[in-house]
1. For the stretch 30-73, what are the residues that are among the acidic types (Asp, Glu) and surrounded by 11 or more Cβ atoms within 10 Å (Cβ to Cβ)?
2. Taking GLY145 as the residue in question, decide whether it is assigned to a loop (DSSP other than H, G, I, E, B), within 17 Å of the chain's Cα centre (by Cα) and surrounded by 15 or more Cβ atoms within 10 Å (Cβ to Cβ).
3. Residue check, LEU127 against (1) at pLDDT below 95; (2) within 18 Å of ASP40 (Cα to Cα); (3) among the aliphatic types (A, V, I, L, M), all met but one. Which one?
4. If we keep just the residues of the stretch 47-94 that are outside the structural domain of LYS153 (by TED's automatic domain parsing) and of a type in the set (D, E, K, R), which is farthest from the chain's Cα centre (by Cα)?
5. Filter the stretch 28-67 for residues that are of a type in the set (Asp, Glu) and either outside any loop (DSSP other than H, G, I, E, B) or at pLDDT below 90 (or both) and give the result.
6. Pairs under 7 Å by beta carbon, first residue of a type in the set (Ser, Thr, Tyr) in the stretch 125-138, partner in a loop (DSSP other than H, G, I, E, B) and surrounded by fewer than 22 Cβ atoms within 10 Å (Cβ to Cβ), six or more apart or different chains?
7. For the stretch 167-197, enumerate the residues that are part of a loop (DSSP other than H, G, I, E, B) and either closer than 16 Å to GLY134 by Cα or modelled with pLDDT of 90 or more (or both).
Amino acid sequence: MKKQARTIIKVTLSFLTFALLISCSKSVNEKPNIIIVMTDDQGYGDLGFNGNEIIKTPNLDQFASESINFTNYHVGTTCSPTRAGFITGRNCLRNGVWHTNAGCSLLNQDEVTMGDVFLDAGYETGLFGKWHLGDNYSFLPEQRGFKETFYHKGGGVGQTPDYWNNNYQDDIYFRNGEPEESKGYCTDVFLMKLFHL
């Protein structure tokens, strides 16, 4: 009886191992969709899925529940060093971006970005919203590995060198480097452009 039980356990474990290997090999060959959401001036505790019971973030909560969440990334002193560090994996003292103005937000030309890596791996890449790592030729996101782009210039909507008179509603943003009129609030516009590729 014990011998028969051991045989059943061995066969069952072998089958489960085989099934696991088959499922792993299938998922290894499929590329997952990768969407990264980066917000400005938002604390860890400002989101429902991180425990906040006052601020309601149902869409982000649902997105987080269906995703992998990384919780140990630490931001820089201002937004540009944070973005540069994230997309290069390198400290701001190495990638050339250590502040937001006076030329200190220009990503070094030889830096490899997350966009470059994913593009080389056969992914479609895009950046929607805020770039703030250079608004001049050779610093633009479409020249740094992001194939499809839709963004405002400068550090915020309406700042120099963003499009004149932008105010977050019905603005002119830049699609692949060219001005394009939009209708609606900026965050909604950026998300709609992302989801309608």
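The values are calculated or read from the model by the stated rules, or taken from the named source; none is laboratory data. Quick caveat: nothing in here was measured; it's all calculated off a predicted structure. Cβ atoms come from the backbone with ideal geometry, glycine included; neighbour counts cover every protein chain shown.
1. So in the stretch 30-73, the residues among the acidic types (Asp, Glu) come out as 30, 40-41, 46, 53, 61, 66.
Correct list: ASP40, ASP46, ASP61.
2. Working: assigned to a loop (DSSP other than H, G, I, E, B): yes; within 17 Å of the chain's Cα centre (by Cα): yes; surrounded by 15 or more Cβ atoms within 10 Å (Cβ to Cβ): yes.
Yes.
3. That leaves (1) as the condition not met.
4. Selected residue: GLU53.
5. Filtering the stretch 28-67 down to residues of a type in the set (Asp, Glu) leaves 30, 40-41, 46, 53, 61, 66.
Scanning the stretch 28-67 gives GLU30, ASP40, ASP41, ASP46, ASP61.
6. THR125/GLY145; THR125/LYS147; SER138/GLN109
7. Result: ASN167, TYR168, ASP170, ASP171, ASN176, GLY177, SER182, LYS183, GLY184.
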